[in-house]
Amino acid sequence: MKKIAGRFVAVFVVLAALIGLGGSMVVTRENEYKLIREFGRVSRVIDSAGLSFKIPFIQTADTLPKEILLYDLAASDVITMDKKTMLTDSYVLWQITDPLKFAQTLNSSVLNAERRIDTTVYNSIKNVISSMSQNDVISGRDGELSTAIMANIGASMEQYGIRLLAVETKRLDLPADNKAAVYERMISERDKIAATYEAEGQAEAKVIQNTTDREIAISISNAQAQAAAITAEGEAEYMRILAAAYNTPERAEFYGFIRALDAARASLTGNNNTLILPGDSPIARIFMAQ
């Protein structure tokens, strides 16, 4: 009986040792933090992957996520600066950066953290959009809106050991009841702008056309004046050359004789014509000299 009792005691001791050893081991993975609590108070934080130990039955271990987390905000209505209602649907990328502060302020609860994130981000979205016109909100969907929201939040979440990495907008739209009216107004405004540009373009084209026509008329007038001047110079040169060619009495008499012959030939056309010459005609003087 003593041997059997001794065996039971040995087995019990071994089991107790195994249970104690298992209860003292803490395995930390790459994507998590381990909080070692002693009587409910965090005594240390394990942020490196590996095997650690704690005091069994006295200390406990809590796990917090280390990776980037995603929180999807519920779609909600916001009002712009020009009193237009818009529907926004966003999500947040966040991460625990200070697990001790996270545990102290949010009781190590991811759910509590998401509630705090929801309130902070929604208030920031509401404040940013309420300071912008509807057109600016629509045109800011390429990134400007998210940047403004993050700037508005600032470092306010660091007091909870949380860092917000990004606030992205999945959908930013108009409520269904006024979407058609807004689209029609935007189309009308764009049509007015297009008409203004068209009118300005036509006016500019008219100015260019009038300027071109005036320049062409001036160029033609200058060309005609230049051509007249060249013609006058040519005629003057012709008369100068002609005068130089017949500047002696013999040349002048010969020129008169040639002109008389030309006139006589021009008058003797057809058959049976008679030429009557005055006595002082160069041709008559030739015949009379013979």
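How big is the gap, in Å, between the Cα center of the range 66-86 and the Cα center of the range 130-179?
7
Just how far, in whole angstrom, is the range 184-223 from the range 31-58 if you go by their alpha carbon centroids?
Rounded to whole Å, the Cα centres lie 79 Å apart.
Accessible area per residue of the range 67-109 at 1.4 Å probe, in Å²? Numbers along the way, then the final one.
Working: 2130 Å² over 43 residues.
That works out to 50 Å² for each residue.
Read phi for every residue in the range 34-40 and hand back ³J(HN,Hα) as whole Hz from Karplus 6.51 cos²θ - 1.76 cosθ + 1.60, θ = phi - 60°, with x for Gly and Pro.
10, 9, 8, 9, 10, 6, x
Taking the Cα-to-Cβ direction at residue 93 and at residue 29 and moving 7 Å from each Cα, how far apart do the two end points lie in nm?
The modelled label-to-label distance comes out at 2.1 nm.
Once phi is turned into θ = phi - 60°, what whole-Hz ³J(HN,Hα) does the Karplus curve with 6.51, -1.76 and 1.60 give for every residue of the range 211-227, x standing for Gly and Pro?
4, 5, 4, 5, 5, 5, 4, 5, 5, 5, 4, 5, 5, 5, 5, 5, 5
Strictly over 29 Å apart at the Cα level, which of 84/170; 83/170; 126/192; 84/192; 34/170 would you flag in this model?
Check vs 29 Å cut-off fails for 126/192; 34/170.
Which distance in nm do the two modelled labels at residue 186 and residue 105 give, with both placed 7 Å along the Cα-to-Cβ direction?
3.8
Using r as the Cβ-Cβ distance of residue 41 and residue 155, and R0 as 22 Å, what FRET efficiency do you calculate, to the nearest 0.05?
Using R0 = 22 Å, I get an efficiency of 0.25.
Determine ³J(HN,Hα), in whole Hz, for all residues of the range 45-61 in sequence, where each value follows from phi through the Karplus function 6.51 cos²θ - 1.76 cosθ + 1.60 and θ = phi - 60°; x replaces Gly and Pro.
10, 9, 10, 10, 5, x, 9, 10, 10, 9, 7, x, 6, 10, 9, 10, 10
Can you tell me the dipole magnitude for the range 60-153 around its Cα centre, using point charges on the Cβ only (Lys, Arg +1; Asp, Glu -1), in Debye to the nearest 20?
The dipole magnitude comes to about 220 debye.
The values are calculated or read from the model by the stated rules, or taken from the named source; none is laboratory data. Treat the numbers as computed from the prediction; the structure is a model and nothing was measured. We place every Cβ from the backbone using ideal geometry, glycine too, and count neighbours over all the protein chains shown. For accessibility, only protein heavy atoms count, side chains too; no ligands or nucleic acids. Shrake-Rupley method; radii C 1.70, N 1.55, O 1.52, S 1.80 Å.
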